[in-house]
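**Q** This is the structure I want to talk about, given as structure tokens.
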Amino acid sequence: MNEPDHEYINPNYVQPTVIKQLQQQFAQQDSIQLRNFLNKECYDELAKPLSKASWKPHAVFDLYAHYTTTVKEISTFLTSKHFLDLCSSVTGTKLKHATFQTLLFKHRNYTLLNDELREPPGIAFELDFTADWKPEWGGYTSIVSGENELFRITPTPNTLTLYKRDRTIQRFVKYVNHLAGKNMRIVVRGNFPNSQARSGKFGGDIGF
């Protein structure tokens, strides 16, 4: 996969009028979900290596239990100028690079809130590659401030979530229970370092 161009991204999301709408929504709500973010061919190109990837388990009992892998195609896309430019346009913040992990969650996997896992303030994102997930299985990402849940990121394929995070905001992945069976959640979770953020009203999604 060479340097991606805008054709990898759903063309509706690069239209000037839509970009303006996304900017306004993000400015008002401090978060946004872009459903069907990638065109189908690009999504399939990124998802296919995940099905063949070698996943490494990581577990610290009172912190997390999940699997990680590295996929060249995903790394290329998330470090591309076009991805960074689009996210910069939507958030109104100049984003120069992204840090991220490709994670897999299955039965008995989770992450917990803990100061050791506290992420720096800024803009965070999740790009989901999960198919056919049901809410009752757990495995969703909960965005919280103190004891208050601000919103949830429900596993939905080909969905990019962007949100602002200050020092009070954390995220965790709900324990995946036995109802999930052999199903797996696969998500790329990351941050844009050195991006400035404030917290506010959360919510909202756009899909094409």
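**Q** Of all the residues that make up region 157-173, how many are assigned to a strand (DSSP E or B) and either under 15 Å from GLN33 (Cβ atoms) or in contact with a Cys (Cβ under 7 Å, 6 or more places away or on another chain) (or both)?
**A** 7
**Q** Among what's in region 158-193 and is surrounded by fewer than 23 Cβ atoms within 10 Å (Cβ to Cβ) and aromatic (Phe, Trp, Tyr), pick the residue that is farthest from LEU117 (Cα to Cα).
**A** Within region 158-193, the match that is farthest from LEU117 (Cα to Cα) is TYR175.
**Q** Just checking: which of the helices (runs of 4 or more DSSP H) contained wholly in region 15-93 hold 1 or more residues that are under 18 Å from the mean Cα position of the chain (by Cα) and farther than 25 Å from THR154 by Cβ?
**A** Fully inside region 15-93 and qualifying: 72-78, 81-91.
**Q** Determine whether LYS56 is at pLDDT 95 or above, over 22 Å from ALA124 (Cα atoms) and either buried (at least 19 other Cβ atoms within 10 Å of the Cβ) or of a type in the set (S, T, N, Q) (or both).
**A** Spelling it out, it is not the case that LYS56 is at pLDDT 95 or above, over 22 Å from ALA124 (Cα atoms) and either buried (at least 19 other Cβ atoms within 10 Å of the Cβ) or of a type in the set (S, T, N, Q) (or both).
**Q** Taking region 124-146 only, how many residues are under 25 Å from VAL71 (Cα atoms), at pLDDT 95 or above and among the hydrophobic types (A, V, I, L, M, F, W, C)?
**A** Of the residues in that region, 5 qualify.
**Q** Among the numbered conditions (1) surrounded by 14 or more Cβ atoms within 10 Å (Cβ to Cβ); (2) modelled with pLDDT of 95 or more; (3) of a type in the set (S, T, N, Q), tell me where THR68 comes up short.
**A** For THR68, the exception is condition (1).
**Q** One residue is enough: does region 94-108 have a residue meeting the conditions without any contact (Cβ under 8 Å) to a residue 60 or more places away in the chain and either touching a His at 6+ places or on another chain (Cβ under 8 Å) or within 20 Å of HIS58 (Cβ to Cβ) (or both)?
**A** No, because not a single residue in region 94-108 is without any contact (Cβ under 8 Å) to a residue 60 or more places away in the chain and either touching a His at 6+ places or on another chain (Cβ under 8 Å) or within 20 Å of HIS58 (Cβ to Cβ) (or both).
**Q** Of the residues that sit in region 174-188 and are of a type in the set (Val, Ile, Thr) and in a strand (DSSP E or B), which one is nearest to LYS48 (Cα to Cα)?
**A** Checking each candidate, the answer is ILE186.
**Q** Inside region 99-139, can you point out the residues that are crowded, with 19+ Cβ neighbours inside 10 Å, under 15 Å from the mean Cα position of the chain (by Cα) and outside any strand (DSSP E or B)?
**A** PHE129, THR130, GLY139
**Q** Quick one: PRO4 ticks every box in (1) surrounded by fewer than 17 Cβ atoms within 10 Å (Cβ to Cβ); (2) at pLDDT below 95; (3) part of a loop (DSSP other than H, G, I, E, B); (4) not hydrophobic (A, V, I, L, M, F, W, C) except a single one, so which number is it?
**A** (1)
**Q** Any residue in region 75-83 that is hydrophobic (A, V, I, L, M, F, W, C) and closer than 20 Å to LYS164 by Cα?
**A** Yes, because at least one residue in region 75-83 is hydrophobic (A, V, I, L, M, F, W, C) and closer than 20 Å to LYS164 by Cα.
The values are calculated or read from the model by the stated rules, or taken from the named source; none is laboratory data. In this text the structure is predicted, and so the values were computed from the model without any measurement. Using ideal geometry, Cβ is built from the backbone for each residue, glycine included, and neighbour counts are taken over all protein chains shown.
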